[in-house]
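What follows is one structure encoded as structure tokens, with my remarks underneath.
The values are calculated or read from the model by the stated rules, or taken from the named source; none is laboratory data. Everything quoted here is computed from the prediction, not taken from an experiment. Using ideal geometry, Cβ is built from the backbone for each residue, glycine included, and neighbour counts are taken over all protein chains shown. With ligands, DNA and RNA removed, areas are computed over all heavy atoms of the protein, side chains included. Shrake-Rupley method; radii C 1.70, N 1.55, O 1.52, S 1.80 Å.
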Amino acid sequence: MANLQCLPPSVEPRVSDHIDEIINMIKQILDNSCAYVVGGDVYFSVDSFPDYGELSGRKLDDNRAGERVSVDERKRNPADFALWKAAKDGEPWWDSPWGPGRPGWHIECSAMSAHYLGHSFDIHGGGEDLIFPHHENEIAQSRAACCDSTINYWIHNGFVNVNSQKMSKSLGNFVTIRKVIEMYHPLALRMFLLGTHYRSPINYTIEQLNVTSDRLYYTYQTLLDCEEICQQQQSNTGNSLPANTLNYIQKLHEEFETSMSDDLHTSVALAAISEPLKVMNDLLHTRKGKKQDKRLESLSALEEKIRVVLSVLGLLPSSYHEALQQLRDKALRRASITEELVVQKIEERTAARKAKQYEKSDEIRKELAAIGIALMDGPDGTTWRPSLPILEEAVVAKT
């Protein structure tokens, strides 16, 4: 998670350290006549909570006990759920007013969040599979313990699919973050995940991860080129910017703020930096761009604005140069080739071109392009950068 630049939680509580808080919350629910004790078990009475089902949109009539789970006939309503379970052989247990036992599945979340955040707080997250019954039950028991308990925003994420199939251990298509970042830069994975709205299912494919990795390299290379040219040449930051530069900056600001305010629509926010990056590349590398008035000032202002966006999205590296080198190292690993061998191939190609053996020169370029190594010829010689493997590039172009 640190490699993905996820901020650590302020608190990581353990249920076993908060048994007293759990027991006290259950006592409060019982005192408010919203639960009942049966043989050492404590059950929440859903009939005592008229708003049960408001989060999921399900009605009590829909929650008929059924085919897959046997119903405890001691329950007053089949939908009633356990707040406390009597101890069973081989399970951990704690003393309680109802005898030895352990907390139910749902109560621990309500008790610990109330302890650290209070009975009302802004955001509660989780996978979409937790909407019912887990989060529905959390709402019921939290309000039964404290009538003022509220959550302002419920954030439910979609599932991960692998090659359009649901990711699961049973299908053998389970992919871990550790495994992915052996071959890809962690921030390429982060950008890939941010490229789909969090509530939507995300389809994990190597092809799409390659596309994202290529885009990340392009982004950091553009920003590094900008940083270096602005350091080499003095820009007058006190002067006003050209109108078209101001328009690009204002447009990026508005699109970013609007999309992030729209239920954290990160995919739209990411797309918003595409046009400014293209403008920066034109200013950096094209004849027309190099002649533009206040070129350095425009580059500096655009880089600063994009840096702010990347920072908010957790995509700003500590160093563009370092991140680019890491992206190159990962590309070499995916291609099963060393940088020394790439340099050797470049030298062979240079010699072939000098000898006017253009067919051999093209073969070397295509051989490297097929494994995701692109050669770039310039006034100072030939360099290389990671790229989409040539076959995948054709597939992406079709889709």
ask   = Based solely on its DSSP helices, what 222 nm [θ] is calculated for the chain when runs of n ≥ 4 H residues each add -39,500 (n - 2.57) and the sum is averaged over all residues, nearest 500 deg cm²/dmol?
value = -15000 deg cm²/dmol
request  = May I ask you to give the solvent-accessible area per residue for region 2-157, in square angstrom, as obtained with a 1.4 angstrom probe?
outcome  = 57
query = Over region 227-342, what relative contact order in percent results from Cα pairs under 8 Å that are six or more residues apart?
reply = 27
request  = Only one of the values (i) 22, 45, 25, 8, 0; (ii) 27, 56, 16, 1; (iii) 21, 41, 26, 12, 1 was calculated from this structure for P(r) over Cα pairs in 20 Å bins from 0, in percent; name its label.
outcome  = (iii)
inquiry  = Beyond a 30 Å Cα-Cα separation, which of these cross-linked pairs lie in this structure: 290/345; 166/330; 330/360?
reply    = 290/345
remark   = Per the rule of 0.36 nm per residue minus the C-alpha distance, extending residue 72 to residue 340 adds in nm 89.6 nm
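For Cα pairs less than 8 Å apart in space and 6+ apart in sequence, what is the mean separation divided by the residue count of region 74-134, i.e. the relative contact order in percent?
25
Compare 185, 265, 285 by solvent-accessible area with a 1.4 Å probe and give them largest first, with all protein chains kept in place.
The residues order as 285, 265, 185, largest area first.
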Reduced Cα scattering model of region 129-257, Debye log10 I(q)/I(0), q = 0.20, 0.22 Å⁻¹ = -1.20, -1.30
task = For residue 123 paired with residue 51, estimate the spin-label separation in nm (one decimal), with each label point 7 Å from Cα along the Cα-to-Cβ line.
result = 2.2
request  = Set the Förster radius R0 to 25 Å, insert the Cβ-Cβ distance between residue 240 and residue 304 as r into 1/(1 + (r/R0)^6), and round the FRET efficiency to 0.05.
outcome  = 0.95
ask   = How far apart, in nm, are the 7 Å Cα→Cβ label points at residue 170 and residue 362?
value = 5.3
request  = Please give every one of the lysines within straight-line cross-link reach of residue 294, meaning a C-alpha to C-alpha distance under 18 Å, and leave out same-chain neighbours fewer than 8 residues apart.
outcome  = 278, 305
inquiry  = Run the Debye formula on the Cα coordinates of region 2-157, all scatterers equal and no solvent, and tell me log10 I(q)/I(0) at q = 0.09, 0.10, 0.14 1/Å.
reply    = -0.30, -0.37, -0.73
task = Kindly identify region 165-320 as rounded, prolate or oblate by the Cα gyration tensor criterion: order the square roots of the eigenvalues as a ≥ b ≥ c, call it rounded if a/c is under 1.5, otherwise compare a/b with b/c, prolate if a/b is larger, else oblate.
result = prolate
request  = Run the accessible area of region 337-386 with a 1.4 Å probe and give the carbon-and-sulfur part as a rounded percent.
outcome  = 52
task = Using a/c under 1.5 as the rounded threshold, could you call region 337-386 rounded, prolate or oblate? The axes a ≥ b ≥ c are square roots of the C-alpha gyration tensor eigenvalues, and prolate needs a/b larger than b/c, oblate otherwise.
result = prolate
key: Candidate lysines - alpha carbon under 19 Å from residue 169, same-chain residues fewer than 8 apart omitted   = 179
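Ordering 260, 183 by accessible area with a probe of 1.4 Å, largest first, what comes out?
If we order 260, 183 from most to least accessible, we get 183, 260.
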task = Let me have the relative contact order for region 1-160, percent, based on Cα pairs under 8 Å that are six or more residues apart.
result = 25
query = Based on the Cβ-Cβ distance of residue 153 and residue 229, what FRET efficiency does E = 1/(1 + (r/R0)^6) give at R0 = 41 Å, to the nearest 0.05?
reply = 0.45
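At a 1.4 Å probe radius, which order do 20, 380, 225, 41 fall into by accessible area, largest first?
380, 20, 225, 41
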key: Local electrostatic count at residue 231 - Lys and Arg +1, Asp and Glu -1, tallied over other residues with Cβ under 15 Å   = -4
remark   = Log entry: pair-distance distribution for region 301-345, C-alpha pairs binned every 5 Å from zero, whole % per bin is 5, 19, 18, 18, 13, 9, 11, 7, 0
